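The values are calculated or read from the model by the stated rules, or taken from the named source; none is laboratory data. Values in this document were obtained by computation on a predicted structure and should not be read as measured data. Using ideal geometry, Cβ is built from the backbone for each residue, glycine included, and neighbour counts are taken over all protein chains shown. With ligands, DNA and RNA removed, areas are computed over all heavy atoms of the protein, side chains included. Shrake-Rupley method; radii C 1.70, N 1.55, O 1.52, S 1.80 Å.
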Amino acid sequence: MEHIVIIGNGISGVTAARHIRKMSDKKITLVSAETDYFFSRTALMYVYMGHMKFEHTQPYENWFWKKNRIELKKGYVSKVDHQKSQLIFDSGENLKYDKLIIATGSKPNKFGWPGQDLDGVMGMYHKQDLENLEKYAPTNKVCKRAVIVGGGLIGIELAEMLNSRGIPVTFLVREDSFWNGVLPPGESGMINRHIKNHHIDLRLGMNLKEIIADDNGKVKAAVIQETGEVIDCDVVGLTAGVSPNVNFLKDSGIELGRGIKVNRFLETNIPNIYAIGDCAEQHEAIGNRRPIEAVWYTGRMMGETVAQTICGNKLEYKPGHWFNSAKFLDIEYQTYGWVFGKPKEYEAQFHWIHKDDTKCITVSYHKETREFLGINTFGIRMRHETFDKWLTEKKDVDYVMEHLAEANFDPEFFKHFEKDILNAFQKQQTINA
Amino acid sequence: MAVERNMALTGQPPKSLNTIQKIGVLIGISGLLVLLLAAFNLNLPNKGLWLTMSLSALITGIIIFSKGSYDKKLEGIKNDGVWFKSMSSRGVLAWIAGVALTGFYIVLYFFAELLGLGQGVDGTNTGLVGLFDPLSRLLSGNPASQWFVYGTLYTVAIVGFGIKFLMKYKHNRYEQLRTMSVMFFQTAFAFVIPELMARLNSDTFSLPYNDLKNMWPLNYYAFEQWRVDQFINAQNIGLFFLILAVLMVFVISPWLTYKYGKRWYCSWVCGCGGLAETAGDSFRQLSDKSVKAWKLERWMINTVLVFSVIMTVATISTFLGYDATKYWFTKNVFLISVGVFLTLLFTGILYFKRDQLNNSAVKGAVGFFILTIAFLVLIAFVDLSQIQIQAKYFSFGLNDKSYAADSALRTFYGFGIGSIFSGVIGTGFYPILGNRVWCRMGCPMAGIMGIQQKLFSKFRITTNGGQCISCGNCSTYCEQGIDVRAYAQKGENIVRSSCVGCGICSAVCPRGVLKLENDSLDGRINSNEILLGNDVDLMDFVNNK
């Protein structure tokens, strides 16, 4: 029986395992150094906030794996020996495979800041990070202030977490507006205000200079580069992005860039070795996407695709229309298609914001052809299927704006804003015309 | 698991109360204290005044506490620290509350005299029941009973905690409207109107206490002889209520369930649901989501339903049996028509809905059907009221009376299901087992509407394409123990008989993935093996395989 070994039990690895089991009878082993059982990484924050217990983040009950004959192996892979088709663990153990899927995900970026390895400095990515946070920031008596460095999605989640326990947070964001590399100015500005409304000390355009230790090698303060200000704190969160977790493959003969280089079939340069999820890097970017996409959804899709290939139905990884979502404190965000933070030269954007400052949308369309290119929504839920269809059919922006109500996904009885949005859109069009 | 041990030890975070919350607790507890003093027979002089003070203190306390909890926060989901608080995570407070509530139910159902019922001179009330006399006289003109005390406190709980719920979900209009609806139906239909109706009663005219929205089989005594007689004797208005009761079961309820799912009743109207949604809201995360619990649930709820059908048929058949002249059809005609009706219904479902029933559902259904028909035949040939059951065989000799089989059946149902299950366990165990144990495991009405919802309703919870991130908030906060995530992460719509449509899964979802919808029956159950997001070819491949 063919033995499929998967390194990493995150969403990519587990999705691959589940789909291979659905389609075949192969032997499957899932290797992880982090936890025994699969849990939803995106839900870690809710454990600290007390919304859920850790067990609730596990989508499958513990008997699921045995019943589906997916063997779980806890261990840290230190080397891949592709000549002998085996993995070598740091314990010295070996494991033979016929096909190997690498799904080791990411690790938090560290940019060589002085003091970045002190006690009380952590990312917010692994279960171990959560345990660390619980140790150094259990209450606002133990942790009088926290400093977060880095203005992405994980940063704001960490801010929300600490905020839920009444721990004051200073949030250093390198950019001059939150996540403005991705979000257009109107949206980014609204989120800035929303963060401040939660009494989070948001410092835009600021970088970390160094982290100062106390006598025990624990964090005492953080220093801001621009102002030289010393902020006393007990915890520093480093959330300046992630990079592929591939160090253990350095001398393995597997071709690496920043991540593991794969072709459109998710194959590496070594036969029978595949890479999926955050750690995989496309030779060439697909459409507007980046070569490395550290996004939950794309990880899942790669898992689905590689499972097909491994079970004899060789399939190219062809992600459909881009979509993503997140939540900024109390504001939900969804995106379909492409809306760029800094509009491309062919791109026109229409922005609408509600006067309560918690809802807005941005619609992107082609200046000349008026083809609808994408939408960002904040505080209004939209239907994935509808936008997928409109993008495929290349609807023009006027059609989309007139039919926006069809795409609404808010709960029943919620207020609708499609009329306001359409009016504002038509007004803007006449001004521009 | 290091994380959880740490949390149990430190745990202090958002657990401590702020000043406003403390004031709320103080006022609420003082209201409770008055009730307690009355229960211990302290003679309070001006009962009307003390009762007013006590009940207002209860409601005000809850409102002030809620203000302290939610007022200063921005609109949004308020579940911070739920699993750190003793009360909402099966801690010491939860156990104390559970034991106290259960104790209260036991006293209420079986030892009402301890609450002062009929303990005064000439059988007047003293103690706690006596305290409620002024309010009862105001409404119905009669002295209070232990059920009046219960009904009042029940209503106070729904109104008080209903207001708390409204503050907690101020950003969510579905939750707001639904809660106002249960508050209204409890206060008006279940509490005030029946009491006022009792004023119509005289020596020559008498209507049974009637909560119009409480229908069979949840109202398991709806068709007992004394009630039917009372209705018929109350001429037009009684007959109207009787016909309405039948229409509710066979026409109104199925039609509304077809249009909106069983939520129209379970989370918008029903009193049991009303208490669960308001006072029980803090405990919704405690329901068991394991597959094991799901299996148990399916057996329990359907068994109760079958038992309730058999019990009701037996009851009606006995009074048709010895009073054949009074009604236009006889016992055997009745039994045969029930048999024919059930057979047609059963075979119809098995034939037309065969694609939606899995193997175990069919097996279970056939078993229950045979059992029911066997009972109908038994009842046809045997006069249950003639069979005497010796209680001493079941009571270790403590009770040496004998009972007629039909009344024994009724008593057992009323006692076992009506009191113990729906009251003592269903509500008393809120802080331990979650707030919908009864609705999920025992309510025969939920059983019937569940079958209708699963097979014939336009209601479903839609999953938004591929946007689910498997975080598990939806499953955690499902009071009915449905593993919502299991469906959402497959991109599958959720069509489950037990879903009461409370809408909380949709509210707590951080990605806007779930929506309660009423739409056409086609495409209601969609199971894509591959989620939206991948290229269309791949989806075609898998779906056409």
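Observations on the model:
- Kirkwood Rh and Cα Rg combined as Rg over Rh, evaluated for the protein assembly as shown: 1.01
- What separates the Cα centres of the range A:319-339 and the range A:1-61 is a distance of 24 Å.
- Counting only Cα atoms, the size of the range A:356-417 along its three principal axes is 35, 24, 16 Å, in decreasing order.
- Rounded to 5, percent antiparallel among DSSP beta bridges of the protein assembly as shown: 60 percent
- Dividing the summed -39500 (n - 2.57) terms of all DSSP H runs of n ≥ 4 by the residue count of chain B sets its mean residue ellipticity at 222 nm at -16500 deg cm²/dmol.
- Lysine pair count for the range B:319-476 with Cα-Cα distance under 22 Å and sequence separation of 8 or more or different chains is 5.
- P(r) of the range A:67-192 over all Cα-Cα pairs, binned every 5 Å from zero, in whole percent: 2, 8, 14, 15, 13, 12, 10, 10, 9, 6, 2, 0
- Once divided by 2.2 N^0.38 Å, the Cα radius of gyration of the range A:1-151 becomes 1.22.
- Note on the range B:397-512: Kirkwood hydrodynamic radius from all Cα pairs is 16.5 Å, rounded to one decimal.
- Accessible surface, 1.4 Å probe, highest first, among residues B:Leu256, B:Leu177, A:Leu172: B:Leu177, B:Leu256, A:Leu172
- Projecting the Cα atoms of B:Ile310, A:Gly105, B:Val291 onto the charge dipole of the protein assembly as shown (Cβ charges, centred on the Cα centre) puts B:Ile310 farthest toward the positive pole.
- Taking all protein chains as shown and a probe of 1.4 angstrom, B:Leu296 keeps an accessible surface of around 90 Å².
- About the Cα centre, charge dipole magnitude for the range B:221-291 (Lys/Arg +1, Asp/Glu -1 at Cβ), debye: 280 debye
- Centroid-to-centroid separation of the range A:360-403 and the range B:356-422 [C-alpha atoms, Å]: 61 Å
- Simple spin-label estimate for B:Ser360 and A:Gln86 in nanometres, 7 Å along Cα-Cβ: 4.3 nm
- Under 17 Å from the Cα of A:Lys107 - lysines, other chains or at least 8 residues apart: A:Lys127, A:Lys250
- Overall dimensions of the range A:5-64, expressed as equivalent-ellipsoid semi-axes from the Cα gyration tensor (√(5λ), whole Å, largest first), are 24, 11, 9.
- Charge dipole magnitude, Cβ of K and R +1, D and E -1 - the range A:263-351, Cα centre, debye nearest 20: 100 debye
- Overall, the anisotropy analysis places the range B:334-405 in the oblate class: the square-rooted eigenvalues a ≥ b ≥ c of its C-alpha gyration tensor yield a/c not less than 1.5, with a/b not exceeding b/c.
- Value of Rg to Rh for the range B:457-517 (Rh from inverse mean 1/r over Cα pairs, i.e. Kirkwood): 0.90
- Taken over chain A, the percentage of Cα pairs per 20 Å bin, counting from 0 up to the bin with the maximum distance, is 23, 52, 24, 1.
- Total lysine pairs whose alpha carbons fall under 20 Å of each other in the range B:30-130 (8 or more apart, or interchain): 4
- Count Lys and Arg as plus one, Asp and Glu as minus one, and take only other residues whose Cβ is under 14 Å from that of B:Gln146; the net charge is then -2.
- Stretching B:Val92 away from B:Ala380 to a fully extended chain increases their span by 98.4 nm, per 0.36 nm per residue minus the current alpha-carbon distance.
- Hypothetical label at A:Gln426: residues of the range A:372-402 whose amide nitrogen lies under 18 Å (7 Å Cα-Cβ projection): A:396-402
- Cysteine residues of chain B whose Cβ has no partner cysteine Cβ closer than 4.7 Å: B:Cys266, B:Cys270, B:Cys272, B:Cys439, B:Cys443, B:Cys468, B:Cys471, B:Cys478, B:Cys499, B:Cys502, B:Cys509.
- Applying 1/(1 + (r/R0)^6) with R0 = 30 Å to the Cβ-Cβ distance of A:Glu226 and A:Thr139 gives a FRET efficiency near 0.45.
- ³J(HN,Hα), Karplus 6.51/-1.76/1.60, whole Hz, each residue of the range B:166-179, x for Gly, Pro: 4, 5, 5, 10, 5, 8, 10, 5, 4, 5, 5, 5, 4, 6
- What the Cα atoms of the range A:139-255 give is an Rg and a Dmax of 16.1, 51 Å.
- Whole-Å semi-axes of the ellipsoid equivalent to the range B:7-112 (Cα gyration tensor, √5λ, descending): 30, 20, 11
- Under 14 Å from A:Lys135, Cα to Cα: aspartates and glutamates that are on another chain or at least 8 residues apart: A:Asp119, A:Asp234, B:Glu4
- The orientation-averaged projected area of the convex hull spanned by the Cα atoms of the range A:257-302 comes to 3.0 nm².
- Along each principal axis, Cα extent of chain B, largest first, Å: 75, 62, 48
- B:Lys292-B:Glu517 FRET efficiency (beta carbon distance; Förster radius 30 Å; 0.05 resolution): 0.50
- Charge dipole of the range A:174-332 about the Cα centre (unit charges at C-beta), most positive-ward option of A:Ala294, A:Gly186, A:Ala221: A:Ala294
- Using a cut-off of 29 Å between Cα atoms, the listed pairs A:Lys427/B:Lys168; A:Lys415/B:Lys262; A:Lys79/B:Lys490; A:Lys367/B:Lys515; A:Lys26/A:Lys53; A:Lys110/A:Lys196 include A:Lys427/B:Lys168; A:Lys79/B:Lys490; A:Lys367/B:Lys515; A:Lys26/A:Lys53 as exceeding that distance.
- The mean number of Cβ atoms from other chains found within 10 Å of a Cβ in peptide A:309-319 is 2, as a whole number.
- Working from Cα pairs under 8 Å separated by at least six residues, relative contact order for the range B:132-242 is 19 percent.
- Ranking B:Phe368, B:Ala279, B:Ile379 by Cα position along the charge dipole of the range B:268-393, where only Lys, Arg, Asp and Glu carry charges on their C-beta atoms, puts B:Phe368 farthest toward the positive end.
- Relative intensity, log₁₀ I(q)/I(0), of the range B:109-230 from a Debye sum that treats every alpha carbon as a point, q = 0.10, 0.20 Å⁻¹: -0.41, -1.20
- Mean per-residue shielding of peptide A:297-306 is 4, counting Cβ atoms of other chains within 10 Å of each Cβ.
- Electrostatic dipole magnitude of the protein assembly as shown [Cβ: Lys, Arg +1; Asp, Glu -1; Cα centre; debye, to 20]: 940 debye
- Cα extents of the range A:173-218 along the three principal axes, largest first (Å): 45, 22, 12
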